[in-house]
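J.: Quick one: this structure, given as structure tokens, is what I'll be asking you about.
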Amino acid sequence: MEGSAEKAILDLNEVEFYSEEKLIGMGNLLITDKSIVWVKEKSANENTVQYKLSYYDVILHAISRETDSFPKECIYCQVDENVGSREIRIVPKVPSLLDTVYQAICDGSRLNPDFDEGGNVNENCEALDGLACMLGLTSGAERVNSAVGFSSDENTESLDRRNMLEKFDSMLRVSTDDVDITSRIIEKDELL
């Protein structure tokens, strides 16, 4: 990207772009260290269509190989908008490139960490990325390890996985001091 501070991580032609479930078209996907950009291939009588997503607006990204709710394997993204969220799907013409596209988005995301109200890096983003890998939304133990900062040394892999599972377990715990789960269930049953 000449004249720009952004650096390309991945530049890929022949990529379909969907907003919600509507096909916007076939085009070029450019994943940079600052954003995800898709530009529609245009004919002579069309205007240029471009989508530019900041990593800060991407709430979730994952590989979706399930084709019951959407007919193609894709990169599924939820993008934050002022009035809610929008579903974006990125479909490379060559399905075997899904892992490459996903990894490029992960790399860009890591370069743009979320910050909490105190200005500190929100470390849960990388942990959730690793959880997505573990749940089968992506493949490859290497990505699981790199997503949560573990080494890929075979001697430490078992310990790394145990530590990662303990971290996810602690993220899922609910404090009974903060929430009365029983009363919420009873209230919901009474309404039914």
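Just so it is clear, none of the values below were taken in a lab; they were calculated from the coordinates. Note that the coordinates shown come from a computational prediction; the quantities given were computed from them, not determined experimentally. Because the Cβ atoms are built from the backbone with ideal geometry, glycine has one as well, and the counts that use them run over all protein chains shown.
J.: Say whether the condition of being exposed (fewer than 12 other Cβ atoms within 10 Å of the Cβ) and on the phi < 0 side of the Ramachandran plot is met by at least one residue in the range 25-37. Working first, answer last.
T.: Narrowing the range 25-37 to residues exposed (fewer than 12 other Cβ atoms within 10 Å of the Cβ): none.
No - not one qualifying residue is present in the range 25-37.
J.: Quickly run through the range 61-84 and pick out the residues that are out of contact with any helix residue (DSSP H, G or I) (no Cβ under 6 Å at 6 or more places or on another chain) and closer than 21 Å to Val39 by Cα.
T.: Of everything in the range 61-84, those that are out of contact with any helix residue (DSSP H, G or I) (no Cβ under 6 Å at 6 or more places or on another chain) and closer than 21 Å to Val39 by Cα turn out to be Lys72, Cys74, Tyr76, Cys77, Gln78, Glu81.
J.: Looking only at the range 8-42, count how many residues are within 14 Å of Ser54 (Cα to Cα) and basic (Lys, Arg).
T.: Number satisfying all stated conditions: 1.
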